[in-house]
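Worksheet: the structure to be examined is printed underneath.
The values are calculated or read from the model by the stated rules, or taken from the named source; none is laboratory data. Being a predicted model, the structure only gives us computed values, none of them experimental. Ideal geometry is used to build each Cβ from the backbone, glycine not excepted, and the neighbour counts take in all protein chains shown.
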Amino acid sequence: MSRIGVFVCHCGENISATVNCEKVAKITGELKGVEFATDYKYMCSDPGQTLLKEAIKEHKLDGVVVAACSPRMHEPTFRKACAEAGLNPFLCEMSNIREHCSWVHPKDDLTTEKAQDLVRVMVEKVKKNKALNSIKVPVTKTALVVGGGIAGIQAALDIANCGHKVVMVERQPSIGGHMSQLSETFPTLDCSQCILTPRMVEVAQHPNITLYTYAEVESVDGFIGNFTVKIRKKSKSLDEHICTGCGLCTTKCPQKKIPNEFERGLGFRPAIYVPFPQAVPNKPVIDRENCTYYIKGKCKVCEIVCPVKAIRFDQEDEIIEVPVGAIVMATGFDVLKPDFFPEYGYGKYKDVIDGLAFERLASASGPTQGEIRRPSDGQVPKKIVFVACAGSRDPAKGIEYCSKICCMYTAKHAMLYKHKVHDGTPYVFYMDIRAGGKNYEEFVRRAIVEDETHYIRGRISTIYEKNGKLIVKGADTLMGAMPIEIEADMVVLATAGVANHGAEELAQTVHISYDPYKFFAEAHPKLKPVETNTAGIFLAGACQAPKDIPESVAAASGAAVKVASLFSKSELTRDPLVAVVNRQPAPVYSQCVGCFLCQSVCPYQAIEREEIKNRNGEVIKTLARVNEGLCQGCGTCVALCRTKAIDIHGYSNQQVYTEVMALLND
Amino acid sequence: MSELINKVTQLLNDKTIDVFIGYEKGSADRIRAAFARTAEQAAKLVYTASCTQNLAGYLMKHEVKKLGKPGLLANVAALRSIMQLASEFQVKDGEVYVLFANADGSFTEFTSFASIEAYLGTTDVGIKSDEQEMIARLEAMSVQERWLFWNKEFDKCIKCYACRAACPMCYCHRCTTDVNQPQWIPVASHERGNLDYHLMRAMHLAGRCVNCGECANACPMDIPLNLLTYQLIDPIKNTFGATAGMKADAVYALSTYKPDDKENFII
């Protein structure tokens with residue numbers, strides 16, 4: 001006979017307003033196997049928990065049902081209280097009479113009856129509960145950081161400075177990300193490269209960081225603390241260990257007219273190239289799609305001029321396998337493609353550029369050495385129209401969100417322009433100015449007041465070219481939607497920040513969830529902003545949503561702390577609510593017949609093969625076995641197993657059956 | 001016939017196989033399965049137009065497994081059964097010797113799964129036209145009519161489990177029906193118990209049925225059980241592009257996800 005304790009919580013008035021808690025405790029107290037039943041105002045409070053612990057000891061309870069809120073809320077609380085009173089925590093169950101009852105029904109006798117039913121079901125389940133022990137899994141104290149932008153750099157440095165090993169993977173030839181393309185940064189206007197490059201160098205030189213550039217994550221297997229990552233090191237077509245980074249090859253390469261991605265197409269680069277002068281590592285790669293040798297089969301000028309003979313035309317991609325304990329995703333963002341704005345002529349008119357291209361124009365290391373000159377004829381533009389919300393907040397175009405950084409960088413652009421072209425006139429078309437953040441509003445004010453930027457609240461309908469000028473048509477909605485037409489020399493679109501290309505495939509490779517815009521999804525929007533739903537994988541920076549630099553850095557440090565706290569223990573403890581394949585005496589060994597449908601259905605690759613051998617070492621039977629470290633207890637295998645050979649601890653077939661029957665056999 | 005007997009005798013003599021599963025004459029004019037382990041037993045093997053049973057089901061029987069390496073006289077359904085069993089890791093390449101009965105009365109040896117796959121790739125494995133008609137008739141019924149039809153059919157069921165015993169895909173040591181801790185499916189052969197059993201079996205065969213029809217052949221109460229599982233063949237083929245028993249390394253359509261899977265069945 002069980003000795004179960006039932007504890008009915010009032011949750012202040014959350015439950016007791018519609019459920020007669022005293023009655024629930026009294027009626028369920030009369031159930032067979034229930035030794036003790038009571039109700040209390042707040043079971044989760046300290047006195048409430050003490051009441052529970054005292055009752056366990058006094059009545060020698062061997063099972064506990066707490067009828068209160070959702071187990072998502074307080075199951076850990078009550079299981080811990082039970083453990084403190086000496087009862088196995090997995091002999092404690094919660095009956096949700098708040099979300100499932102009191103909150104959704106009016107005050108009525110039927111509501112109280114439903115609460116009694118819910119408690120009775122759990123009482124029957126607890127009778128079938130088994131004492132379970134937590135699972136311990138080892139931790140590999142190496143972190144993988146995917147992406148070498150400012151977020152990845154910050155996360156890598158923070159983790160490495162905690163004394164843990166970091167492997168950083170960057171798909172471009174250099175780390176630095178978008179921040180390395182920026183000229184100055186808001187709200188202080190300090191030089192982006194000046195604050196970024198020391199950190200890039202620090203990453204390269206840090207004894208705890210292994211850097212793989214021009215590399216991509218090929219696959220991720222395993223689980224928190226024990227991931228196995230395959231990294232594809234794309235062929236750079238040269239031996240990095242020999243190359244001195246002298247740059248002779250890049251100057252001699254005959255192929256010189258390849259649009260430079262780093263300069264947003266405003267400049268050119270050769271086929272063997274270093275993306276920018278401050279690149280880390282500062283060693284070139286051959287862009288095989290544009291290299292004459294790979295296209296036509298002859299050239300090899302770089303090989304001839306290389307003083308140390310580092311060029312390797314036959315070098316192949318290399319796949320390396322790295323064991324890691326945690327992963328930080330810092331893959332950043334991208335900006336909208338030109339075809340998104342046919343009405344703005346982006347991609348059609350040379351002088352309609354995006355914000356990143358303007359950053360390059362304003363940058364001292366850019367194609368114009370920091371002079372603002374328009375791409376079409378190299379003239380200094382006297383009127384520039386900046387268009388905020390180019391794509392963002394436009395449900396008609398499928399992007400409903402605010403890209404968040406555009407208001408600020410547009411104000412910055414207007415300022416930089418004015419600082420460089422004193423007689424120039426910047427116009428900004430905006431929907432709203434969103435400048436929430438330390439010193440942000442003051443910054444925008446400065447752009448408007450001190451730098452005399454003309455802010456026009458309204459949107460642009462069309463842009464077209466006429467006599468070498470760009471005619472910008474729009475409306476000023478603060479002047480009664482008065483039509484406005486500006487003859488501009490250049491237009492800069494603050495294009496919406498979107499998920500990086502390949503984000504969806506990467507999320508599927510890494511097994512994390514993503515939102516409809518393909519940005520990676522956090523586990524909880526408020527309380528778990530840097531965690532993903534996959535344990536051991538964290539988010540940093542703009543791969544999650546558009547973020548500015550301070551936010552990216554803060555998120556990266558947050559993710560780094562999560563990794564460091566994971567690595568602070570040599571073993572992880574986790575709930576044993578995992579699947580298990582049943583075992584029976586010989587000659588059956590198990591109900592499992594080894595069809596392994598469970599293996600293909602398991603989303604966590606948690607099913608392994610186990611061979612039963614006789615004493616001669618011959619295999620008699622092959623069974624499924626659950627890797628407890630990998631299993632997340634989702635139960636998909638249970639649903640698919642025809643012989644019911646797989647069961648889930650804590651939610652066993654028997655327990656579910658008992659619960660259903662408790663309701664049916666009322 | 002002598003070609004078959006000579007071949008099997010030779011296979012048994014040179015120990016290529018330990019037992020050959022074929023057909024022999026049973027009582028009256030009937031044909032039954034034969035398990036030839038000696039030349040004398042092999043001499044009794046027959047192959048006539050009545051030899052239509054899918055013998056692959058015997059490969060999974062505990063008693064047959066004990067006899068050693070099997071040879072099998074196979075028809076198309078048996079070949080597909082072997083492929084499906086292979087995809088479920090129940091038979092391994094090289095463990096079964098397959099002698100395939102051609103339509104012209106000659107026999108072809110299949111020594112590897114690859115050769116079986118190649119043959120099936122060029123063969124019509126569809127449902128027979130008379131069965132196709134019956135399915136069309138069922139599908140033309142209203143839901144209510146169909147429900148009544150099956151209830152009436154299941155009412156006849158005596159739960160002898162002959163369908164399960166005849167099915168090559170029902171190889172579990174312990175069927176869900178026999179699991180009694182807890183007893184989800186009632187043992188008794190009453191209306192609900194029968195319905196539960198047959199629906200469970202149909203669901204377990206979804207995407208696995210090789211349309212051999214042995215369940216219906218075996219049924220002493222003449223319930224057209226094959227229609228129940230056949231009806232699941234087309235939806236799975238149309239939705240996931242999968243046909244059971246065509247490839248030895250196939251993955252089960254219902255346990256795998258492909259990004260381009262149709263999801264129009266999700267309401």
Query raised in the report: Looking at (1) in contact (Cβ under 8 Å) with a residue 60 or more places away in the chain; (2) closer than 24 Å to A:G225 by Cα, which is the one condition that is false for A:T495?
Result: (2)
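Taking A:R232 as the residue in question, decide whether it is among the charged types (D, E, K, R) and crowded, with 21+ Cβ neighbours inside 10 Å. I'd like the intermediate steps shown before the answer.
Numbers: among the charged types (D, E, K, R): yes; crowded, with 21+ Cβ neighbours inside 10 Å: no.
For A:R232, the condition - among the charged types (D, E, K, R) and crowded, with 21+ Cβ neighbours inside 10 Å - is not met.
If you scan the range A:47-63, which residues turn out to be crowded, with 19+ Cβ neighbours inside 10 Å and either free of Cβ contacts under 8 Å to residues at least 24 places away in the same chain or out of contact with any Phe, Trp or Tyr (no Cβ under 7 Å at 6 or more places or on another chain) (or both)?
Of everything in the range A:47-63, those that are crowded, with 19+ Cβ neighbours inside 10 Å and either free of Cβ contacts under 8 Å to residues at least 24 places away in the same chain or out of contact with any Phe, Trp or Tyr (no Cβ under 7 Å at 6 or more places or on another chain) (or both) turn out to be A:Q49, A:I56, A:D62, A:G63.
Have a look at B:A77, B:A103, B:A114 and point out the one that is small (G, A, S) and under 19 Å from the mean Cα position of the chain (by Cα). Talk me through it step by step, then tell me what you get.
Numbers: B:A103 fails: under 19 Å from the mean Cα position of the chain (by Cα); B:A114 fails: under 19 Å from the mean Cα position of the chain (by Cα).
Exactly one residue qualifies, and that residue is B:A77.
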Query raised in the report: Can you pull out the strands (runs of 3 or more DSSP E) entirely within the range A:542-652 that have at least 3 residues that are in contact with a helix residue (DSSP H, G or I) (Cβ under 8 Å, 6 or more places away or on another chain), in contact (Cβ under 8 Å) with a residue 24 or more places away in the chain and more than 9 Å from every other protein chain (Cβ to nearest Cβ)?
Result: A:646-648
Query raised in the report: Is it true that A:T251 is on the phi < 0 side of the Ramachandran plot, assigned to a helix (DSSP H, G or I) and surrounded by fewer than 17 Cβ atoms within 10 Å (Cβ to Cβ)?
Result: yes
Query raised in the report: For A:V472, are the conditions met, namely being in contact with a helix residue (DSSP H, G or I) (Cβ under 8 Å, 6 or more places away or on another chain) and either among the basic types (K, R) or under 19 Å from A:F340 (Cα atoms) (or both)?
Result: no
Requested in this report: Filter the range B:154-163 for residues that are surrounded by fewer than 20 Cβ atoms within 10 Å (Cβ to Cβ) and either within 15 Å of A:Q654 (Cα to Cα) or not aromatic (F, W, Y) (or both) and give the result.
Outcome: B:D155, B:K156, B:I158, B:K159, B:C160, B:A162
Report task. Say whether the condition of being at pLDDT 95 or above, polar (S, T, N, Q) and either touching a strand residue (DSSP E or B) at 6+ places or on another chain (Cβ under 6 Å) or not assigned by TED's automatic domain parsing to the domain that holds A:A564 (or both) is met by at least one residue in the range A:451-461. Result -> yes
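Select from the range A:418-431 the residues that are over 12 Å from A:V385 (Cα atoms) and not charged (D, E, K, R) and write down the one among them that is surrounded by the fewest Cβ atoms within 10 Å (Cβ to Cβ). Can you show your working first?
Initially, the range A:418-431 is screened for residues over 12 Å from A:V385 (Cα atoms), giving A:418-423, A:431.
In the following step, the residues that additionally are not charged (D, E, K, R) were identified as A:419, A:421-422, A:431.
Numbers: A:H419: 14, A:V421: 18, A:H422: 7, A:M431: 16.
Checking each candidate, the answer is A:H422.
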Query raised in the report: For the range A:67-76, does any single residue satisfy the condition of being assigned to a loop (DSSP other than H, G, I, E, B) and either under 35 Å from the mean Cα position of the chain (by Cα) or not assigned by TED's automatic domain parsing to the domain that holds A:N129 (or both)?
Result: yes
Query raised in the report: Which residues, taken from the range A:206-229, are among the charged types (D, E, K, R) and buried (at least 17 other Cβ atoms within 10 Å of the Cβ)?
Result: A:E216
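Where in the range A:86-205 are there strands (runs of 3 or more DSSP E), lying fully within it, with 2 or more residues that are among the β-branched types (V, I, T), crowded, with 24+ Cβ neighbours inside 10 Å and in contact (Cβ under 8 Å) with a residue 12 or more places away in the chain? Step through it out loud before you land on a result.
Values: elements: A:92-96, A:135-138, A:142-146, A:165-170.
Because the criterion is at least 2 residues that are among the β-branched types (V, I, T), crowded, with 24+ Cβ neighbours inside 10 Å and in contact (Cβ under 8 Å) with a residue 12 or more places away in the chain, the strands (runs of 3 or more DSSP E) in the range A:86-205 that meet it are A:142-146, A:165-170.
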Requested in this report: Just give me the residues in the range B:107-141 being farther than 19 Å from B:I233 by Cα and modelled with pLDDT under 90, in sequence order.
Outcome: B:T111
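Return the residues of the range A:441-489 that are hydroxyl-bearing (S, T, Y) and more than 21 Å from A:H413 (Cβ to Cβ); say none if nothing qualifies.
Within the range A:441-489, the subset hydroxyl-bearing (S, T, Y) is A:453, A:455, A:461-462, A:464, A:477.
The answer is A:S461, A:T462, A:Y464, A:T477.
Checking the condition among the basic types (K, R), surrounded by fewer than 18 Cβ atoms within 10 Å (Cβ to Cβ) and in contact with a helix residue (DSSP H, G or I) (Cβ under 9 Å, 6 or more places away or on another chain), which residue from A:R434, A:R457 passes? Please lay out each step first, then the result.
Working: A:R434 fails: surrounded by fewer than 18 Cβ atoms within 10 Å (Cβ to Cβ).
Unique residue meeting the criteria: A:R457.
In the range A:507-518, is there at least one residue being outside any loop (DSSP other than H, G, I, E, B), within 14 Å of chain B (Cβ to nearest Cβ), buried (at least 22 other Cβ atoms within 10 Å of the Cβ) and modelled with pLDDT of 90 or more? Give the derivation first.
The first filter runs over the range A:507-518 and keeps only residues outside any loop (DSSP other than H, G, I, E, B), leaving A:507-510, A:514.
Retained after the next criterion (residues that are within 14 Å of chain B (Cβ to nearest Cβ)): A:507-509, A:514.
Now narrow it down to the ones that are buried (at least 22 other Cβ atoms within 10 Å of the Cβ): A:507.
With the extra rule that they be modelled with pLDDT of 90 or more, the set shrinks to A:507.
For the range A:507-518, residues outside any loop (DSSP other than H, G, I, E, B), within 14 Å of chain B (Cβ to nearest Cβ), buried (at least 22 other Cβ atoms within 10 Å of the Cβ) and modelled with pLDDT of 90 or more: present.
For the range B:210-225, indicate whether the set of residues that are of a type in the set (V, I, T) and within 14 Å of chain A (Cβ to nearest Cβ) is non-empty.
So in the range B:210-225, the residues of a type in the set (V, I, T) come out as B:210, B:223.
Filter again for within 14 Å of chain A (Cβ to nearest Cβ), leaving none.
No, the range B:210-225 contains no residue that is of a type in the set (V, I, T) and within 14 Å of chain A (Cβ to nearest Cβ).
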Report task. With a cut-off of at least 3 residues that are farther than 29 Å from B:Y230 by Cβ, name the helices (runs of 4 or more DSSP H) lying wholly within the range B:15-128. Result -> B:39-42
Report task. Can you tell me which residue among A:T213, A:T250 is within 25 Å of A:N500 (Cβ to Cβ) and touching a residue at least 12 places away in the same chain (Cβ under 8 Å)? Result -> A:T213
**Report entry** Candidate set: the range A:519-532, residues that are loosely packed, with under 14 Cβ neighbours inside 10 Å and part of a loop (DSSP other than H, G, I, E, B); chosen: the one nearest to the other protein chains (Cβ to nearest Cβ)
**Finding:** A:P525
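Determine whether the range A:336-355 contains at least one residue that is farther than 19 Å from A:A488 by Cα and touching a Cys at 6+ places or on another chain (Cβ under 9 Å).
Initially, the range A:336-355 is screened for residues farther than 19 Å from A:A488 by Cα, giving A:336-340.
Retained after the next criterion (residues that are touching a Cys at 6+ places or on another chain (Cβ under 9 Å)): none.
Looking for residues that are farther than 19 Å from A:A488 by Cα and touching a Cys at 6+ places or on another chain (Cβ under 9 Å), one finds none in the range A:336-355, hence no.
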Query raised in the report: In the range A:26-46, how many residues are within 25 Å of A:N129 (Cα to Cα) and without any contact (Cβ under 8 Å) to a residue 40 or more places away in the chain?
Result: 12
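Criterion first (under 30 Å from A:A556 (Cβ atoms), part of a loop (DSSP other than H, G, I, E, B) and of a type in the set (K, R)) does A:K256 satisfy it?
no
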Report summary line: A:Q508 passes all but one of the listed conditions (1) in contact with a strand residue (DSSP E or B) (Cβ under 8 Å, 6 or more places away or on another chain); (2) in the same structural domain as A:E551 (by TED's automatic domain parsing); (3) among the polar types (S, T, N, Q); the exception is number (1)
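Could you tell me which residue of the range B:164-209 is farthest from the other protein chains (Cβ to nearest Cβ), considering only residues that are of a type in the set (V, I, T) and outside any loop (DSSP other than H, G, I, E, B)? Let's see the steps before the verdict.
First pass over the range B:164-209, keeping only residues of a type in the set (V, I, T): B:176-177, B:179, B:185, B:187.
Restricting the remaining residues to those that are outside any loop (DSSP other than H, G, I, E, B) gives B:176-177.
Working: B:T176: 6, B:T177: 10 Å.
Only one residue tops the list, namely B:T177.
Test A:K41 against the stated conditions and say whether it is modelled with pLDDT of 95 or more, within 14 Å of A:M94 (Cα to Cα) and in the same structural domain as A:K107 (by TED's automatic domain parsing). Outline the logic, then answer.
Working: modelled with pLDDT of 95 or more: yes; within 14 Å of A:M94 (Cα to Cα): no; in the same structural domain as A:K107 (by TED's automatic domain parsing): yes.
Criteria not met by A:K41.
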Query raised in the report: Can you name the residue in the range A:396-446 that is of a type in the set (A, V, I, L, M) and part of a helix (DSSP H, G or I) and, of all such residues, is farthest from A:T188 (Cα to Cα)?
Result: A:A396
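For A:K165, are the conditions met, namely being among the charged types (D, E, K, R) and under 30 Å from A:I304 (Cβ atoms)? Before you say what the answer is, go through the steps one by one.
Details: among the charged types (D, E, K, R): yes; under 30 Å from A:I304 (Cβ atoms): no.
Taking the combined requirement at face value, the residue does not satisfy it.
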